[in-house]
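The values are calculated or read from the model by the stated rules, or taken from the named source; none is laboratory data. Worth saying up front: this structure is predicted, and the values here are computed from it rather than measured. Here the Cβ positions follow ideal geometry from the backbone for every residue, glycine too, while neighbour counts run over all protein chains shown.
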Amino acid sequence: MSERPPISPRSPRAALEPEQVPPPPKRSDRARNPLVVAGNAIFTIIIVTMIGAGGLYVYGRQALDAPGPLQEDKIVNIPARAGKGDIAEKLASEGVIDANRWVFIGSVFALKASSELKPGEYLFQKNANLRDVIGTIVEGKVVQHSVTIPEGLTSEQIVGRLTENDIFTGSIREMPREGTLLPETYKFPRGTPREQVVQRMQQAQKRVLAEIWERRNADIPVKTPEQLVTLASIVEKETGKADERSRVASVFVNRLRQKMKLQSDPTIIYGIVGGKGTLGRPIKRSEIQQPSPYNTYVVEGLPPGPIANPGRASLEATANPARTRDLFFVADGTGGHTFTETYDAHQKNVAKLRVMEKAIQNDAVEPPEEAAAPAAPADANAATGTTPAKPAPAKQRARNVAPAPAPAARQGAAQTTTTTTPPVVQR
């Protein structure tokens with residue numbers, strides 16, 4: 001039986017005092033090693049970073065794929081040389097993205113698109129998310145504007161239209177040669193230089209002309225592609241009706257074969273005003289026989305060059321005209337033409353037109369607008385076979401008749417009478 005240590009009596013005061021706590025154990029030398037301390041710190045930083053990165057990843061995914069604030073499709077122009085911050089502010093001001101620019105900038109970095117943002121005009125879809133917005137700018141899906149150049153305009157008129165169109169930039173240094181531009185509908189992004197537009201139209205014309213020239217009827221009296229363009233430009237100005245082009249072309253082809261003058265009124269106008277395209281008044285009697293390299297009432301064969309820029313349809317109709325013996329055509333009063341092989345038959349058609357015009361002139365009622373045919377690109381001569389696709393109203397046509405007598409011997413494809421100058425329609 002072990003002996004217990006003797007109990008030492010303590011005073012009441014000593015009993016109330018706490019017993020002394022033993023000192024903490026000393027840290028081992030290993031725990032105080034600098035390498036261990038550094039390792040613990042690095043491990044802690046890694047854990048915190050991973051947690052932060054995970055949270056940032058989840059937030060980023062949500063920000064990239066969440067529907068955007070845009071309430072409807074919208075076109076926004078991103079200016080050239082705009083930085084990421086500028087683009088973010090532009091998109092935010094247009095309501096494409098939320099106002100927090102740093103989310104956009106961070107998303108650009110996350111998608112590795114910092115150096116791939118392209119300026120331009122973009123169409124953003126309704127509620128487009130941030131990923132789609134950035135993708136659209138990176139891929140350069142700029143808005144394409146449709147620009148339609150009507151057939152039969154002169155180069156000067158086409159340049160005027162391009163100059164007035166504000167989606168293009170820059171100036172055109174030199175006026176394109178007549179007949180070298182292809183009228184068509186083109187698509188261009190905003191900011192395209194006008195010089196580049198002209199070059200594209202010229203390249204298109206060369207390509208189309210080469211294709212049509214290869215498929216031409218070898219019997220037509222046209223020796224070069226340039227002559228084909230010249231004749232096609234006259235056909236283009238004579239009619240705007242698609243179903244008449246090949247037959248109008250056949251009249252001029254037949255006349256060239258028989259060494260007859262073409263006698264086309266649009267060539268008179270071009271000889272007077274050149275590239276301006278429109279005369280602004282009826283053709284005067286004195287101008288019909290006025291000497292001009294382009295006046296086919298005076299010159300033999302084709303004029304020295306085109307009088308406009310013909311479209312693909314007129315080029316094809318001229319390269320492969322209808323097989324007819326027609327030598328004359330005259331307006332039929334409805335926007336089209338009546339074609340004949342003989343001068344006598346032609347004169348009868350002219351007489352019918354005169355009766356129709358006289359009846360309309362005496363009628364005080366204005367004809368309805370729907371009676372007019374589709375618009376044509378230039379001035380023309382109704383009774384000479386050069387009626388535009390949309391003739392002037394009947395009363396205007398009656399007012400535009402030039403009553404002065406014309407030379408009795410004047411004949412040709414555009415001739416209507418040997419006693420009076422034909423009425424001239426001025427649109």
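If His337 satisfies every condition in (1) modelled with pLDDT under 95; (2) farther than 19 Å from Ser264 by Cβ; (3) crowded, with 19+ Cβ neighbours inside 10 Å but one, which is the exception?
(2)
Would you be able to tell me the number of residues in region 340-385 that are surrounded by fewer than 14 Cβ atoms within 10 Å (Cβ to Cβ) and either within 17 Å of Lys241 (Cβ to Cβ) or at pLDDT below 80 (or both)?
12
Which is in a loop (DSSP other than H, G, I, E, B), under 16 Å from the mean Cα position of the chain (by Cα) and in contact (Cβ under 8 Å) with a residue 24 or more places away in the chain, of Leu262, Leu162, Leu181?
Details: Leu262 fails: under 16 Å from the mean Cα position of the chain (by Cα); Leu162 fails: in a loop (DSSP other than H, G, I, E, B).
Only one candidate passes the filter, namely Leu181.
Go through the residues of region 44-51 one by one and say whether even a single one is at pLDDT 70 or above, in a loop (DSSP other than H, G, I, E, B) and over 34 Å from the mean Cα position of the chain (by Cα).
No: region 44-51 contains no residue that is at pLDDT 70 or above, in a loop (DSSP other than H, G, I, E, B) and over 34 Å from the mean Cα position of the chain (by Cα).
Which ones in region 189-245 are out of contact with any helix residue (DSSP H, G or I) (no Cβ under 8 Å at 6 or more places or on another chain), hydroxyl-bearing (Ser, Thr, Tyr) and under 19 Å from Thr296 (Cβ atoms)?
Thr224, Thr230
Please state which of the following conditions Gly305 fails to meet, knowing it meets all the rest: (1) without any contact (Cβ under 8 Å) to a residue 60 or more places away in the chain; (2) in contact with a helix residue (DSSP H, G or I) (Cβ under 9 Å, 6 or more places away or on another chain).
(1)
Can you confirm whether Lys118 is under 15 Å from Gly135 (Cβ atoms), of a type outside the set (A, V, I, L, M) and touching a residue at least 24 places away in the same chain (Cβ under 8 Å)?
Yes.
Give region 265-293 a look and list any residue that's out of contact with any Asp or Glu (no Cβ under 8 Å at 6 or more places or on another chain), surrounded by fewer than 20 Cβ atoms within 10 Å (Cβ to Cβ) and in contact (Cβ under 8 Å) with a residue 60 or more places away in the chain, or say none.
Correct list: Gly280, Arg281, Pro282, Lys284, Arg285, Gln289.
So which residues in region 117-132 are under 19 Å from Gly191 (Cβ atoms) and in a loop (DSSP other than H, G, I, E, B)?
If we filter region 117-132 for residues that are under 19 Å from Gly191 (Cβ atoms), which is where we start, we get 117-124.
Matches in region 117-132: Leu117, Lys118, Pro119.
Give just the number: which of (1) more than 30 Å from Pro306 (Cβ to Cβ); (2) of a type outside the set (A, V, I, L, M); (3) surrounded by fewer than 17 Cβ atoms within 10 Å (Cβ to Cβ) does Ser107 not satisfy?
So Ser107 meets the others, but not (3).
Residue under question is Arg161, and the condition is that it be of a type in the set (Lys, Arg) and closer than 28 Å to Gln199 by Cβ; does it hold?
yes
Would you be able to tell me the number of residues in region 298-335 that are within 30 Å of the chain's Cα centre (by Cα) and hydroxyl-bearing (Ser, Thr, Tyr)?
Number satisfying all stated conditions: 2.
Within the bounds of region 89-98, is there any residue that is modelled with pLDDT under 90, farther than 16 Å from Thr136 by Cα and within 37 Å of the chain's Cα centre (by Cα)?
Within region 89-98, the first condition is being modelled with pLDDT under 90, and the residues that meet it are 98.
Restricting the remaining residues to those that are farther than 16 Å from Thr136 by Cα gives 98.
Applying the additional criterion that residues be within 37 Å of the chain's Cα centre (by Cα) yields 98.
Yes, there is a match, as at least one residue in region 89-98 is modelled with pLDDT under 90, farther than 16 Å from Thr136 by Cα and within 37 Å of the chain's Cα centre (by Cα).
Would you check which residues across region 133-159 are free of Cβ contacts under 8 Å to residues at least 60 places away in the same chain, assigned to a helix (DSSP H, G or I) and charged (D, E, K, R) and list them?
Answer for region 133-159, where residues must be free of Cβ contacts under 8 Å to residues at least 60 places away in the same chain, assigned to a helix (DSSP H, G or I) and charged (D, E, K, R): just Glu139.
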